[in-house]
Amino acid sequence: MSSSVGYDSAAPRTLRLRIDTAALAENWRTLDRLSRSAKAGAAIKADCYGLGVATCLPVLLNAGADHFFVAHWSEVAEASGYVEPSQLSVLHGPVTEEQARFAQICGAVPVINSIEQAKIWREAGGGRCQLMVDTGINRLGVRLQDLADPAIQALDVDVLMSHLACADEDSPMNARQLHAFKTALGAVRHKSASLANSAGIVIGPEYHRDLTRPGLALYGGIPRPELADVIRQVAFPEVMAIQTHELTAGDTVGYNAEFTAVRDMRVATVSLGYADGFLRSWNDEGWLEFGGQKLALLGKISMDMVVVDCTEAPDLSAGDWLNVPYFLPDAAQQSTLSQYELLTVLGQRFG
Ligand SMILES: *Cc1c(COP(=O)(O)O)cnc(C)c1O
């Protein structure tokens with residue numbers, strides 16, 4: 001490592017991600033309450049959906065969560081700084097012998113997703129695990145007809161789980177998956193059961209079982225209207241203006257001169273680009289907010305910069321902070337990205 005690390009971490013930033021930790025805690029408690037007799041866990045994969053394990057995991061823990069889901073083995077180390085490895089499930093499971101050995105050493109709980117994984121896990125020493133049954137998503141999980149396999153029957157299954165494909169819609173698929181899950185519950189010995197993600201929590205109590213697995217809604221996502229009035233925004237990206245310009249009619253802005261000023265105007269260049277997760281799909285209707293005003297995006301979004309019209313915000317100058325509109329249901333409509341993508345694309349340069 002270079003000797004610059006010490007001051008890099010203290011370097012002034014022009015992007016910051018404000019996390020409303022009170023809203024995060026309240027969202028977990030709300031989802032736990034909505035899970036009724038089931039207990040809510042928390043999906044913390046992908047660095048808590050991009051919002052930061054170091055910021056979010058202690059808050060979730062303090063709110064009362066005690067079981068957490070990551071996707072990768074590489075995500076265990078950081079999370080283990082806050083919780084016991086035995087409180088962590090690794091959703092991708094042990095794909096290779098090396099991963100199964102790692103699981104044995106680190107103590108996180110593998111989610112077994114196939115007969116192959118069951119064998120790899122047993123050969124590495126076996127022990128407590130969780131079992132993902134595929135009830136129709138056809139992504140990860142043991143198929144119903146394979147549950148009778150001796151390798152599956154020999155597992156020490158703590159949580160038997162499945163994952164809903166369409167919980168954010170009123171789809172007949174939900175009831176079909178629930179029915180298949182009930183069949184699976186009768187086919188494998190297990191201590192507890194888990195089916196619902198965020199959206200699954202509000203489609204009916206029969207989806208709750210013992211443990212729910214919210215992710216998106218913890219972080220302010222609203223996958224179904226039932227959650228609209230109870231889930232609060234958690235992530236607030238804030239971005240610095242780094243220069244202002246006066247344009248005269250006929251001047252153009254940005255790459256490929258896509259925007260042409262039809263009148264004299266004042267514009268601000270802002271430190272936010274597609275490398276920070278502000279993708280070009282925002283362009284058409286996009287705006288940033290300053291002092292309660294919406295400032296329209298002009299021209300193409302660059303890697304590190306975007307230009308906004310600040311004619312109506314004469315006070316705005318370099319060094320001022322603007323808000324990125326990140327109320328997720330609205331931002332998803334405007335950007336054409338999903339609420340999940342909006343959270344997880346936020347780049348490394350946000351501090
Ligand atoms: C990501 C994930 C979740 C959380 O889903 P949300 O829709 O974000 O609430 C739950 N279970 C599994 C298996 C997942 O992969």
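The values are calculated or read from the model by the stated rules, or taken from the named source; none is laboratory data. Source: prediction; values computed, not measured. Note: ideal-geometry Cβ built from the backbone for every residue, glycine included; neighbour counts use all protein chains shown. Remember, those area values only see protein heavy atoms, side chains included, never the ligands or the DNA or RNA. Shrake-Rupley method; radii C 1.70, N 1.55, O 1.52, S 1.80 Å.
What ³J(HN,Hα) values, in whole Hz, does the Karplus curve 6.51 cos²θ - 1.76 cosθ + 1.60 give for the range 53-59 when θ = phi - 60°, with x put for Gly and Pro?
For the range 53-59, the Karplus-derived couplings read 4, 4, 7, 8, 4, x, 5 Hz, x marking Gly and Pro.
With a cap of 15 neighbouring Cβ atoms within 10 Å, and only residues DSSP puts in a loop, list the GluC sites (Glu not before Pro) found in the range 187-295.
258, 285
Calculate the dipole size of the chain relative to its Cα centre from +1 charges on Lys and Arg beta carbons and -1 charges on Asp and Glu beta carbons; express the result in debye to the nearest 20.
So the magnitude is around 1080 debye.
Name the trypsin sites (Lys or Arg not before Pro) in the range 106-197 that are in a loop by DSSP and that have at most 14 other C-beta atoms within 10 Å, would you?
139, 189, 191
If you average the alpha carbon positions of the range 264-335 and of the range 207-248, how far apart do those two centres end up, in angstrom?
So the two Cα centres are separated by 18 Å.
Under the rule of -39500 (n - 2.57) per DSSP H run of 4 or more residues, summed and divided by the residues of the chain, what mean residue ellipticity at 222 nm is obtained, to the nearest 500 deg cm²/dmol?
It lands at -7000 deg cm²/dmol.
Over the chain, what is the relative contact order in whole percent, taking alpha-carbon pairs under 8 Å and six or more residues apart?
16
Among DSSP beta bridges whose residues both lie in the chain, state the antiparallel percentage, nearest 5.
About 55 percent, rounded to the nearest 5.
Any idea which of 339, 265, 275 is furthest toward the positive side of the dipole for the range 218-348, if Lys and Arg beta-carbons carry +1 and Asp and Glu beta-carbons -1?
My answer, from the dipole projection, is 339.
Answer with one residue from 69, 81, 164: the one whose Cα lies farthest towards the positive end of the charge dipole of the range 53-171, charges on Cβ with Lys, Arg +1 and Asp, Glu -1.
81
Given a 1.4 Å probe and the protein chains all in place, what does the accessible area of residue 142 round to, in Å² to the nearest 10?
Rounded to the nearest 10, the figure is 0 Å².
Hey, if you put +1 on the Cβ of every Lys and Arg and -1 on every Asp and Glu Cβ in the chain, which of 287, 107, 150 ends up farthest toward the positive end of that dipole?
Selected residue: 150.
Helix 172-185 sits at what angle to the longest principal axis of the chain, using alpha carbons and giving 0 to 90 degrees rounded to 10?
Helix 172-185 and the main axis of the chain meet at about 40 degrees.
How would 190, 163 rank on accessible area, largest to smallest, probe 1.4 Å?
My answer, sorted largest first, is 190, 163.
Name the lysines eligible as straight-distance cross-link partners of residue 182: C-alpha to C-alpha under 28 Å, and not fewer than 8 places from it in the same chain.
Cα-Cα hits under 28 Å: 39, 45, 119, 191.
Provide the per-residue ³J(HN,Hα) series for the range 25-40, in order, calculated from phi with Karplus coefficients 6.51, -1.76, 1.60 and θ = phi - 60°, each as a whole number of Hz, with x at glycine and proline positions.
4, 5, 4, 4, 4, 4, 5, 5, 5, 5, 7, 6, 6, 7, 9, 7
How compact and how long is the chain, expressed as Rg and Dmax of its alpha-carbon atoms in Å?
23.4, 76
Which percent, nearest 5, of DSSP beta bridges in the range 37-147 are antiparallel?
In the range 37-147, DSSP labels about 0 percent of beta bridges as antiparallel.
Output the lone cysteines of the chain: those with no second cysteine's C-beta under 4.7 Å from their C-beta.
When partners are defined as cysteine Cβ atoms under 4.7 Å apart, the chain leaves 106, 129, 166, 310 without one.
Given Cα pairs under 8 Å that are at least 6 residues apart, what percent is the relative contact order of the range 253-351?
32
Mind putting a number on the dipole of the range 1-138 about its Cα centre? Charges go on the C-beta only, +1 for Lys and Arg and -1 for Asp and Glu, and I need it in Debye to the nearest 20.
360
Take residue 29 and residue 338, extend 7 Å from each Cα along the Cα→Cβ direction, and tell me the distance between the two endpoints in nm.
Taking the two extended label points, one gets 3.0 nm.
How much length is gained if the chain between residue 243 and residue 169 is pulled fully straight, taking 0.36 nm per residue apart and subtracting their Cα-Cα distance, in nm to one decimal?
Extra length from residue 243 to residue 169 when fully extended: 22.2 nm.
Run the quick spin-label model on residue 16 and residue 262: label points 7 Å from Cα toward the beta carbon, then report their separation in nm to one decimal.
If labels sit at residue 16 and residue 262, their model points lie 3.8 nm apart.
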